[in-house]
Each structure stands twice: as C-alpha cells, then as structure tokens.
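Trainee: Submitted below is the structure of interest, expressed as structure tokens.
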Amino acid sequence: MTPVEFNKIGTQVQLEIFERYFEDLNQQIRVPQTNTDYADRVVNLDEKISIFKTIGNTTYANGAFSLPTESGSSQASFTTVTLQNQQAYAITTITANQLAGGTTTVYLDGVVSTAYSINGTTLTLNAAPAAGIDIFVVTTQDDFYRLGTVIYSEGALPTQELERVDRGELYHLLSSKLTAPTTTYPIYIYERQKLFVYPSTIQSGVQATYIRKPMDPVWNFTLSGNAYVYNPDTSINFELHDAEQTEIVLKVLLYAGVVVKDPTIIQVAAQQVAQEQQNQKS
C-alpha cells in the first residue's frame with residue numbers, strides 16, 4: 001500500500017469514527033447513565049468531541065452573519081529566503097491538499113503579497129526577486145463542521161445566548177410586540193450557512209461555538225532511492241482521542257485488505273471492528 005493510498009484510507013477511517021460520535025451521543029443520552037468517575041458514557045463521548053470544539057467571530061454583511069470557517073487549529077507554514085532572480089520555490093512543509101483546501105497567505109519580508117501563483121507545492125513569484133527576501137507562506141484550513149451555540153455581547157450589555165428558531169416561528173414572534181425579539185432576548189434563523197439575527201439592529205458582537213472538522217491525516221515522505229522515507233515535518237497525525245487507537249488500526253487494516261484484495265484480512269478486521277463497537281455500546 002502506497003502512502004497516497006494510506007492517506008486516503010486514514011482520512012476515511014477518521015471521518016467514520018468522528019461522524020459516529022454524534023449518533024452514539026444521541027443514543028447514550030436516551031439511556032440511564034452511571035455517575036461513577038470515568039464510566040459515564042455521555043461524559044466520555046463529550047471528552048472525545050471536545051477536541052474539536054471551538055468558538056469564532058461571525059462577519060456581518062448584507063443583513064446576515066457569515067459563520068467562522070477557520071479555527072486556526074488546522075494551520076501549516078513554510079519559510080524560505082529568496083535567491084537572486086529565482087522565481088520558483090518548492091514548498092516543502094505544506095502538502096498540495098492543504099494548499100488546495102485552505103486559505104493561503106504569502107508574506108514577503110513581512111508584507112502580504114498577491115504577486116504570486118501556486119501550482120501543487122510550487123510557489124512562483126510574478127517578478128524576479130532580489131536575494132535575501134524572507135518568504136513566509138501560511139495555509140489555514142476551512143474546518144467548520146457543525147454549529148453549536150450563538151452568543152451576543154455588545155458594550156455593557158450582559159452576554160446573551162441567541163435562541164434558534166425556524167422561519168415559521170419567526171413570523172409568529174415578529175407579529176406581536178409581546179414576543180418580538182430584543183437585544184436582551186435575541187433570536188436567529190440558520191439558513192444557507194448564514195445567521196439571520198433579530199432584532200436587525202444587531203450587526204456586530206455575534207460569536208458562534210462550533211465543531212470543527214479533524215485535519216486529514218497525512219503520512220508524507222521524501223524519496224530516497226526507491227524507498228519512501230517518512231517526513232515528520234509535513235506529516236499530520238490522527239486527531240482522534242487516544243482511546244480510538246485500536247479501532248483506527250482495525251479499520252485501516254480492513255480497508256487495506258480491500259486495496260490489496262485479501263479477503264482474509266477483510267473478514268478478520270471486520271469481525272474485530274464489529275466486536276469493538278459492540279463492546280462500547282453494550
């Protein structure tokens with residue numbers, strides 16, 4: 001199995017486990033729980049999800065708030081120095097997928113530049129540079145996943161949690177002065193990945209808690225002869241909780257069996273994965 005195949009499998013495995021947290025949490029909330037330390041399954045699931053909890057500022061424009069898209073947790077950078085008249089530079093510490101899937105900013109001697117292009121992992125400056133200019137490239141991944149709580153804080157007013165309503169409820173609330181939203185009782189609707197906040201006089205001071213997506217695991221490498229040599233500088237580890245190590249290994253083996261077309265590996269790994277999941281829920 002090649003590193004590229006492993007990276008694809010690793011990404012799929014991590015997303016499967018990550019997605020299951022929310023279904024498992026929904027199931028566990030509906031059953032009685034023990035209050036014994038370390039044995040409360042709801043608390044244990046929340047601990048696994050907490051790795052991905054974050055908060056960010058929203059941006060107001062055209063009557064709606066845009067959600068934060070970058071937590072800053074998924075960030076990679078590259079630094080080098082220009083050579084006389086050399087325009088192309090290999091970005092060695094950021095992968096092509098990271099560059100393609102995030103927001104990239106290039107600084108020349110600390111000043112943001114737009115006079116460049118990036119193809120794969122090659123940065124090309126539009127003009128031949130002088131020698132000794134510091135190049136700093138930073139890529140931040142778009143990692144918003146699920147919306148949590150929306151809060152409003154402005155001036156001396158206490159922080160308020162906005163109530164989420166649907167459009168049908170909104171019409172009823174706005175139709176009466178008794179139920180109309182105020183700055184001390186604000187509401188919002190969530191449509192098209194945007195927040196529409198009421199009263200409409202609120203145009204700043206809105207933050208959103210959310211779950212971010214895990215970074216895709218990357219087993220990156222350099223070539224030495226005909227061998228792949230692990231490169232820790234550009235590799236990314238799995239972000240899941242340490243308790244998931246066994247299931248990660250089993251699921252990777254399961255998909256590896258599919259790649260190499262070995263039914264024995266597939267069968268054994270599938271049985272072990274099923275047993276592991278059964279043990280967690282029983």
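Trainee: If a residue must be within 30 Å of R192 (Cα to Cα), at pLDDT below 95, polar (S, T, N, Q) and assigned to a strand (DSSP E or B), how many such residues does segment 64-104 contain?
Mentor: Matching residues across segment 64-104 total 3.
Trainee: Among the candidates D40, D134, single out the residue that is in contact (Cβ under 8 Å) with a residue 12 or more places away in the chain and surrounded by fewer than 17 Cβ atoms within 10 Å (Cβ to Cβ). Please lay out each step first, then the result.
Mentor: Values: D40 fails: in contact (Cβ under 8 Å) with a residue 12 or more places away in the chain.
From the options D40, D134, the qualifying one is D134.
Trainee: Please work out which residue is farthest from F65 (Cα to Cα), limiting yourself to segment 151-167 and to residues that are surrounded by fewer than 16 Cβ atoms within 10 Å (Cβ to Cβ) and of a type in the set (A, V, I, L, M).
Mentor: The extreme case among them is A156.
Trainee: Here is a follow-up. Given the structure, is Y60 outside any helix (DSSP H, G or I) and assigned by TED's automatic domain parsing to the domain that holds P199?
Mentor: yes
Trainee: Continuing with the same structure: Output yes when any residue across segment 168-183 is free of Cβ contacts under 8 Å to residues at least 24 places away in the same chain and either of a type in the set (F, W, Y) or closer than 28 Å to E70 by Cβ (or both), and no when none is.
Mentor: Yes - at least one qualifying residue is present in segment 168-183.
Trainee: Restricting attention to segment 179-199, and to residues there that are in contact with a Lys or Arg (Cβ under 8 Å, 6 or more places away or on another chain) and buried (at least 20 other Cβ atoms within 10 Å of the Cβ), which single residue is farthest from M1 (Cα to Cα)?
Mentor: It comes out as I187.
Trainee: So, in segment 200-214, of the ones that are within 14 Å of I151 (Cα to Cα) and surrounded by fewer than 20 Cβ atoms within 10 Å (Cβ to Cβ), which residue ends up farthest from the chain's Cα centre (by Cα)?
Mentor: Of everything passing the filter in segment 200-214, Q203 is farthest from the chain's Cα centre (by Cα).
Trainee: Any chance you could count how many residues in segment 1-19 are of a type in the set (S, T, Y) and surrounded by 16 or more Cβ atoms within 10 Å (Cβ to Cβ)?
Mentor: 1
Trainee: Could you check segment 19-55 and list, in sequence order, the residues that are of a type in the set (F, W, Y) and under 20 Å from P214 (Cβ atoms)?
Mentor: Y21, F22, F52
The values are calculated or read from the model by the stated rules, or taken from the named source; none is laboratory data. Worth saying up front: this structure is predicted, and the values here are computed from it rather than measured. Positions of Cβ are backbone-derived with ideal geometry, glycine not excepted, and every protein chain shown enters the neighbour counts.
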